[in-house]
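The values are calculated or read from the model by the stated rules, or taken from the named source; none is laboratory data. In this text the structure is predicted, and so the values were computed from the model without any measurement. Backbone-built Cβ (ideal geometry, glycine too); neighbour counts: all protein chains shown. In case anyone asks, the SASA skips ligands and DNA or RNA and just uses the protein heavy atoms, side chains included. Shrake-Rupley method; radii C 1.70, N 1.55, O 1.52, S 1.80 Å.
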Amino acid sequence: MTGRLSDLAQQVLDAAKRAGADSADTLVMEGTSISIEVRTGALEHAERSEGVDLGLRVLCGAKQACVSISDDSAASIATMAERAVAMAREAPDDPTCGLARPDQLATDWDVAALELYDDRAAPSPADLERLALEAEAAALEVSGVDQVQGASSGYSETSLHLAASNGFSGGYRRGAYSTSCVAISGQGLSMERDYNGEARSHYADLPDPRSIGRIAGERAAARAGSTRPPTGAYPVLFDERIAASLIGHLVGAINGAAIVRGASFLKDALGEQVLPASLSLIENPHRPRVAGSRPFDGEGLPVQERALVKDGILQGWTLDLATGRKLGMESTGNASRGISTPPSPSLGNLALTQGTASREDLIAQMGTGLIITSMIGSTINPNTGDYSRGASGFWVENGEITGPVNECTVAGNLRDMLMNITPANDGRPHLSRVVPSLLVEGLTIAGA
């Protein structure tokens, strides 16, 4: 398959050259996905999709344009190239756009070492339906679960090839298996729901569907009888399920695109402390069997392990070629390329330093406060870091969980919050972002 995509990519580049482009790059993707949903023991929805997508970016001087199609015929490729060049000639000048220099390109990578694709035969719809039914049945067996909103299982495989007129050409294939379940406890206005889901690149790594459904059921049952917590300033434990969202705000604040716009509460924090001195945040794009791994970035540059934050100190921005040029810096190999969009900086695999205490230890340590297991909505000022989100979870008194809570808002300032986090030791190693439960002191809770 990758050979076919390589040939298609070359056809696209040749067409761009004939249409008058000074330079160009193309991303060609081909994939298949199957999704099965069940409810009340019967098939609810089945979906299968497959196809090919071709994306082209052309550069005419300091102008660029992107066009995409889902038809790999020679006529469509020629038309796409002609339209892209016509659009680029009308675009405004951008002196920072452009391909990588040949000496910047990745020249050696080992796709096999990343283990992004499982060579086993793809599951049939019947196989996926069985997994979803088992997850649903296990959730319904949990005492306190009144119904299952739905259970699903899916499979996808995607092959991609990136090529450019600067000489880069490379591709790889990745796959994914997933099973999830949403369970509901209570009736009418007292309904509470929770979920569990797992995804892996290799089928053998996917947890048993019954365990997935059972955990979803247990979580929903534990939420029965939720009330609003008291209002005040309390410590808050971000459960491991949602703790990555907190670190995600730091990641967004050091993205080169935000720094270029000046829309970041960390825009002046390079070389300053942004996390406790005991913590580091490491990017590693080479972890086997992990969704965020890749052999090269969206502009054909090599990817490498690097510290975003080391011993609490912010080490650098997340850059692609264009944002790097705007800031007078080199790309960090973090370009992400879409079919119909130009490259932009983004991060994949991340790991925050794990703590020595367990989640239970932190609950005991917090005394009285809130454990957040889910969040809704978001009011976050990217310039100041002011933070406010709806939350639900469990209330803690004297280091013991006393019951579920909902309909509350948690507020603070991200700069202060990040400097006052204590990590647990429960980060799940198979995730792309390995972030443990995080205890944050002194947040404002608006509840009853």
**OP:** May I ask you to compute the full-extension gain from Leu327 to Trp109, defined as 0.36 nm times their residue separation minus their alpha-carbon distance, rounded to one decimal in nm?
**Re:** 75.6 nm
Subject >> Solvent-accessible area, 1.4 Å probe, carbon plus sulfur percent, for the chain >> reply: 49 percent
Original post:
What accessible area per residue comes out for the range 271-409, rounded to a whole number of Å², with a 1.4 Å probe?
Top reply: 40 Å²
Original post:
Hey, what number do you get for the chain at 222 nm if only DSSP H runs of n ≥ 4 count, each worth -39500 (n - 2.57), divided across all residues, to the nearest 500?
Top reply: -7500 deg cm²/dmol
Subject >> the chain: translational diffusion in µm²/s, Stokes-Einstein, Kirkwood Rh over Cα pairs, 4 °C, 1.567 mPa s >> reply: 54 µm²/s
Subject >> Accessible area per residue in Å² at 1.4 Å probe, computed on the range 72-215 >> reply: 47 Å²
Subject >> Summed side-chain charge close to Ala106 - residues other than Ala106 whose Cβ falls under 13 Å, Lys, Arg +1, Asp, Glu -1 >> reply: -3
**OP:** Take the Cα radius of gyration of the range 260-307 and divide it by 2.2 N^0.38 Å, with N its residue count; two decimals is plenty.
**Re:** 1.50
Original post:
For the range 354-448, what does the equivalent ellipsoid look like in terms of its semi-axes, each the square root of 5 times an eigenvalue of the Cα gyration tensor, given largest first in whole Å?
Top reply: 20, 18, 13
Original post:
Which one of Gly232, Thr318, Gly252 is farthest out on the positive end of the charge dipole of the range 204-345, using unit charges on Cβ (Lys, Arg +1; Asp, Glu -1) and the Cα centre as origin?
Top reply: Gly232
Original post:
Per the Debye formula with a single identical scatterer at each Cα and no solvent contribution, what log10 I(q)/I(0) holds for the range 1-88 at q = 0.11, 0.15, 0.17 Å⁻¹?
Top reply: -0.39, -0.57, -0.67
Original post:
For Thr40, what is the net charge nearby, where nearby means another residue's Cβ is under 14 Å from its Cβ and Lys, Arg count +1, Asp, Glu -1?
Top reply: -4
**OP:** Compute the normalised compactness of the range 159-293: alpha-carbon radius of gyration over 2.2 N^0.38 Å, N being the residue count.
**Re:** 1.49
**OP:** Towards the positive end of the charge dipole of the range 62-158, with charges on Cβ (+1 Lys, Arg; -1 Asp, Glu), say which of Leu133, Val148, Cys97 has the farthest Cα.
**Re:** Cys97
Original post:
Could you state the principal axis extents of the C-alpha atoms in the range 308-417, from the largest down, to the nearest angstrom?
Top reply: 53, 31, 28
Original post:
Rounded to two decimals, what is Rg over Rh for the range 119-222 when you use alpha-carbon atoms and the Kirkwood radius?
Top reply: 1.20
**OP:** At a Cα cut-off below 27 Å, give the lysines reachable from Lys63, other chains included and same-chain residues fewer than 8 away excluded.
**Re:** Lys17, Lys326
Original post:
If you place +1 on the Cβ of every Lys and Arg and -1 on the Cβ of every Asp and Glu, how big does the dipole about the Cα centre of the range 1-119 come out, in debye to the nearest 20?
Top reply: 580 debye
**OP:** Could you quote the convex hull projected area for the range 55-183, Cα atoms only and averaged over all directions, in nm²?
**Re:** 13.4 nm²
Subject >> Neighbour net charge for Gly399 - beta-carbon separation under 14 angstrom, K R +1, D E -1 >> reply: -3
Original post:
What is the spread of the Cα atoms of the range 214-371 along each of their three principal axes, largest first, in whole Å?
Top reply: 53, 36, 29
Subject >> Cut-off 16 Å, label 7 Å out along Cα→Cβ of Ile380, residues of the range 237-255 by amide N >> reply: 238-255
Subject >> Packing-based order for 72-84, 105-117, 316-328, using average beta carbon neighbours within 10 Å, highest first >> reply: 316-328, 72-84, 105-117
